[in-house]
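Throughout, read-outs are computed from the coordinates displayed, never taken from laboratory work. None of the values given here were measured: they were computed from a predicted structure. Glycine also receives a Cβ, built like all others from the backbone with ideal geometry; neighbour counts cover every protein chain displayed.
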Amino acid sequence: MYFTLVRTIAPFLLLFMSEECLESIFIDLDILNFLCLKMILSKALGYAIVGGSMMVKFPQILKISSNASVEGLSLATFALEAFCAMVNVGYNFSHGFPFSTWGENFFILLQLLVLLVQFFHYTGNTMLKLVTPLLVPLLTLALTKLPQEHLALGLTAVVPLMALSKIIQIKTNFVNGHTGQLSFVTSLLNAFGTLARLFTILQEIDDLLILANCTTVFALNAMIVMQFLVYWNVVPPKEKAQ
């Protein structure tokens, strides 16, 4: 009966482990197999990151909507983040990497699309507000069709571009002396998310480009969180006036 149950749920279990680990843990009952346990943890964490990414930008989206303002936010940051997410989706999809190792890029891209539309709405740029929801999906689809060597070049460019997107926001916060409409919850989730993603990449993917990208982004996300702590009691000028 036990082995019948294992065979029945095997397709689900294989989402979290290899066939070798399935046999080792559930057939041979080697439940302390360290390598397999590490794989299961990595897979579970990967799926958790992908699941969490569906909501990671929502605090920022809600903050902009509730305040009807994009003060203190950088369009360049949103645009560069969106481009980098597009390249990541194209690169990983083209290489056939497990969705659990990159799926958050897809969901974050959808939320960045909303943020871009919000930015154009509250800055009065009607044309870009209408064009962006069409342009971003089309460009992402086009990237998935490019040869892998071209996508590799694109991913190489993503590392400095993603760093630049974060540096621009860090500079904006520093110059303004406050974090404006930037969401602390979103920034904190970004930092923890990239830290968790570092672990899964080290376990499942042997790709220095992806590792360098994730390490850089984590360091800069952590710096933005530190800025929140520094400017915690600083109120933006418009909010003071109200």
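Taking the Cβ-Cβ separation of VAL131 and VAL185 as r and a Förster radius of 35 Å, what is the calculated FRET efficiency to the nearest 0.05?
Given R0 = 35 Å and the Cβ-Cβ separation, E is 0.75.
Which peptide among 202-211, 4-13, 39-48 comes first, and what is the full order, when sorted by highest mean count of other Cβ atoms within 10 Å?
The packing order, highest mean first, is 39-48, 202-211, 4-13.
Please state, to two decimals, what the Cα-based radius of gyration of region 115-205 comes to when divided by 2.2 N^0.38 Å (N = residues).
Against the compact-globule rule of thumb, the ratio is 1.37.
For the chain, what is the mean residue ellipticity at 222 nm derived from helices alone (per DSSP H run of n ≥ 4: -39500 (n - 2.57); sum divided by total residues; nearest 500 deg cm²/dmol)?
-25500 deg cm²/dmol
For helix 208-230, report the angle its Cα long axis makes with the longest principal axis of the Cα atoms of the chain; keep it between 0 and 90° and round to the nearest 10°.
50
How far, in degrees from 0 to 90, does helix 75-95 lean away from the longest principal axis of the Cα atoms of the chain, to the nearest 10?
Between the helix axis and the principal axis of the chain, the angle is about 20 degrees.
For LEU198 and PHE34, compute 0.36 nm times the residue count separating them, minus their Cα-Cα distance, and round to one decimal in nm.
Result: 57.1 nm gained on full extension.
What does the charge dipole of the chain about its Cα centre add up to, to the nearest 20 debye, if the Cβ of each Lys and Arg holds +1 and the Cβ of each Asp and Glu holds -1?
Around 1000 debye, computed over the chain.
What number results when the radius of gyration of the chain, computed over Cα atoms, is divided by 2.2 N^0.38 Å?
Cα-based Rg divided by the globular estimate yields 1.16.
Specify which residue in the list ASN213, LEU135, VAL158 is farthest towards the positive end of the charge dipole of region 112-242, using unit charges on the beta carbon of Lys, Arg (+1) and Asp, Glu (-1), about the Cα centre.
LEU135
If one takes the longest principal axis of the Cα atoms in the chain, at what angle in degrees, from 0 to 90 and to the nearest 10, does the Cα axis of helix 34-53 lie?
30
Which of ILE108, SER53, GLY72 sits farthest toward the positive end of the charge dipole of region 1-154, with +1 on the Cβ of Lys and Arg and -1 on the Cβ of Asp and Glu?
Positive-most Cα among the choices belongs to GLY72.
What ranking, highest mean first, results for peptides 111-123, 77-89 when packing means the other Cβ atoms within 10 Å averaged over each residue?
77-89, 111-123
Quick check for the chain: number of Lys pairs with alpha-carbon distance under 26 Å, counting only pairs 8 or more apart or on different chains?
Number of lysine pairs found: 17.
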